[in-house]
Amino acid sequence: MKFEANMDTPAIVIDLDRLDANLRRTAELASNAAVRLRPHTKTHKSIWIAQEQLRHGASGITVAKLGEAEVMASGGIDDILIAYPIVGRIKLERLGRLLQQIKVSISVDSYEAAKGLSELGEHLKLRVPLYLDVNSGLNRCGKEPGEETAELAVEIAKLPGIQLAALMTHAGQAYGKSRADDCLEVALAEAEALLESQRTLRRLGVDVPDISVGSTPTSKFIGALAGSGVTEMRPGAYVFGDGSQLYTGLIGEEECAMRIYATVVSTPRPGTVIVDAGSKTLSNDSSAHRKGFGMITECPDIFVERLSEEHGILTVPAGVQLQIGDTLAIIPNHCCAVTNLHDQLVGVRKGQLERIITVDARGKVK
């Protein structure tokens, strides 16, 4: 990806050809497995990219927060899963306004959250679709698979004003795996946690029709789940690619559509180089698979060793000469966190600026 001399740094540059290929590849994986694709838009927070995902065949989108859903709805997207519990009067009032405009599904993992949504559904004279979160090993939201999830689901299913539409999970622990085979094992276990819960519920007379799996690493193996009963997948970071996927061999460098371009601003001592991209640009997400805060593929022996707010401190091996004014391209460890640090991304095709991508839902944490 050629850097434009008239582009100021630090700049978050998206190779649009690579982005297109990533959108197409994942849509084809889902289609070939007969599984709906409902991508998580927290990676890019862009109405335009979400629309591109829909154009490539996505059935709807996923967001993390109600504020993101409001932004995406304003952009004309009318089928949204909020994969986060909605709790509290203020948020329920906002959700009520959104439910009167578009189709919104909500994830829950407690009776209390489901009851609030039930009361909202009754007030609006509709049934709010719920996704029940199940813990498949990340140990974040969700009850344990099988009996524990089923016990909660049975109680939620009795509530008026809601429809128990799906069981869902997010196997984010896959990011900690170092081999593709290990990620495949996580993908199989992720699906089985939901399918076991679905079977248990059916024995109790409750049918939850959809099975929704998450995480970009496990989405690579959706073909292995074809015909298993999984009906939907919700990857997010596949759109840009990043170090968390590259270091483990899940993707190649050609799938990394995002680069942070930074300029060398200081060479204060041998072996140390300072660039104009710090924690406010790169994010301070670390990786279990590589030291530092990103990868310079043209010289992977350079490490982004430390970050302060505006400074990236690079450790440079002997024999590598960098001059003040040089520009470096860095693949970040975590693309989602980088996006949320910026108002705009620079869309480039074949080295030429094609479009500025607005990060429409930046900072929508409520």
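Helices from the chain with mean Kyte-Doolittle at least 1.6 and a Cα length along the axis of 20 Å or more, per DSSP H: which?
none
Tell me, M295, M72 in order of fewest to most beta-carbon neighbours within 10 Å? Could the numbers behind the result be given before it?
Details: M295 24, M72 27.
By the 10 Å Cβ count, ascending: M295, M72.
Using modelled backbone amide H atoms (1.01 Å from N, in-plane), which distant-in-sequence or interchain residues come within less than 5 Å of Q163's amide H?
V128, L130
I want to check the label-to-label distance for N139 and K291. Put each point 7 Å from Cα in the C-beta direction and report it in nm to one decimal.
Once both label points are built, they end up 2.7 nm from each other.
Return the percentage of antiparallel bridges among DSSP beta bridges fully within the chain, rounded to the nearest 5 %.
On the way: 27 of 56 bridges.
Antiparallel bridges: around 50 percent, rounded to the nearest 5.
Relative contact order for the chain using alpha-carbon pairs under 8 Å, separation at least 6, rounded to a whole percent?
Taking the mean separation of contacting Cα pairs over the length of the chain, I get 21 percent.
Going by amide H atoms built from the backbone, whose H comes under 5 Å of the H on I330, apart from near neighbours?
Result for I330 returns I260, Y261, A262.
I'd like to compare 327-333, 360-366, 120-126: which one has the highest average count of other Cβ atoms within 10 Å, and what's the full order after that?
On the way: 327-333: 23.7, 360-366: 16.7, 120-126: 14.9.
Highest mean packing first, the order is 327-333, 360-366, 120-126.
Please work out how much length the chain gains when fully extended from D20 to R269, using 0.36 nm per residue of separation minus the C-alpha to C-alpha distance, in nm with one decimal. Mind showing how you got there, number by number?
Details: separation 249, 0.36 × 249 = 89.64 nm, distance 4.18 nm.
Gain on extension, D20 to R269, equals 85.5 nm.
Distance between the C-alpha centers of the stretch 271-347 and the stretch 98-119? Whole Å please.
41 Å
If Rh is defined by the Kirkwood formula over all Cα pairs and Rg also comes from Cα, what ratio Rg/Rh do you get for the chain?
1.01
Express the C-alpha Rg of the stretch 218-260 as a ratio against the empirical globular expectation 2.2 N^0.38 Å, rounded to two decimals. Before the final figure, lay out the partial values.
Working: Rg = 12.3 Å, N = 43, 2.2 N^0.38 = 9.2 Å.
Against the compact-globule rule of thumb, the ratio is 1.34.
As an exercise, use a Förster radius of 45 Å and the Cβ-Cβ distance of E147 and L126 to find the FRET efficiency, rounded to the nearest 0.05.
0.90
What Rg and what Dmax come out for the stretch 1-59 when only alpha-carbon atoms are used, in angstroms?
14.1, 45
Once a ≥ b ≥ c are taken as the square roots of the eigenvalues of the Cα gyration tensor of the stretch 40-191, is the result rounded (a/c under 1.5), prolate (a/b larger than b/c) or oblate (a/b not larger than b/c)? Kindly include the intermediate steps, with their values, before the conclusion.
Numbers: a/c = 2.23, a/b = 1.14, b/c = 1.95.
Judged from the Cα gyration tensor, the stretch 40-191 comes out oblate (a/c at least 1.5, b/c at or above a/b).
I need the semi-axes of the equivalent ellipsoid of the stretch 250-358: take the C-alpha gyration tensor, multiply each eigenvalue by 5, square-root it, list largest first in whole angstrom.
Numbers: eigenvalues 98, 49, 43 Å².
Semi-axes from the Cα gyration tensor: 22, 16, 15 Å.
Provide the FRET efficiency to the nearest 0.05 for the A226-D182 pair, computing r from the beta carbons and using R0 = 22 Å. Could the numbers behind the result be given before it?
Numbers: r = 21 Å, r/R0 = 0.94.
Approximately 0.60, to the nearest 0.05.
How big is Rg to Rh over the stretch 187-236, alpha-carbon atoms, Rh as the Kirkwood inverse-mean-distance radius?
Reported Rg/Rh, Kirkwood definition of Rh: 0.99.
Please list, ordered by chain and number, the residues whose modelled amide H lies under 5 Å from the amide H of E232; skip anything fewer than 5 residues away on the same chain.
Counting only residues 5 or more places away or on other chains, the set is R36, I211, V213.
With an 8 Å cut-off on Cα pairs and a minimum separation of 6 or more residues, tell me the relative contact order of the stretch 250-358 in percent.
Over the stretch 250-358, the number comes to 29 percent.
Mind checking the log10 I(q)/I(0) for the stretch 249-307 at q = 0.13 Å⁻¹? Debye, one equal scatterer per Cα, no solvent, two decimals.
-0.37
Which one, P332, M72, H311, is farthest towards the positive end of the dipole of the chain when Lys and Arg carry +1 and Asp and Glu -1 on their Cβ?
The one lying farthest along the dipole's positive direction is M72.
Just order 9-18, 37-46, 340-349, 84-93 by mean Cβ neighbour count inside 10 Å, highest at the front, would you?
My ranking of the peptides, most packed first, is 37-46, 9-18, 340-349, 84-93.
Rank-order 243-255, 298-310 by packing density, defined as the average count of other C-beta atoms within 10 Å over each peptide's residues, highest first.
Final packing ranking: 243-255, 298-310.
Where a number appears in this text, it was derived from the coordinates with a stated rule and is not lab data. Note that the coordinates shown come from a computational prediction; the quantities given were computed from them, not determined experimentally. Note: ideal-geometry Cβ built from the backbone for every residue, glycine included; neighbour counts use all protein chains shown.
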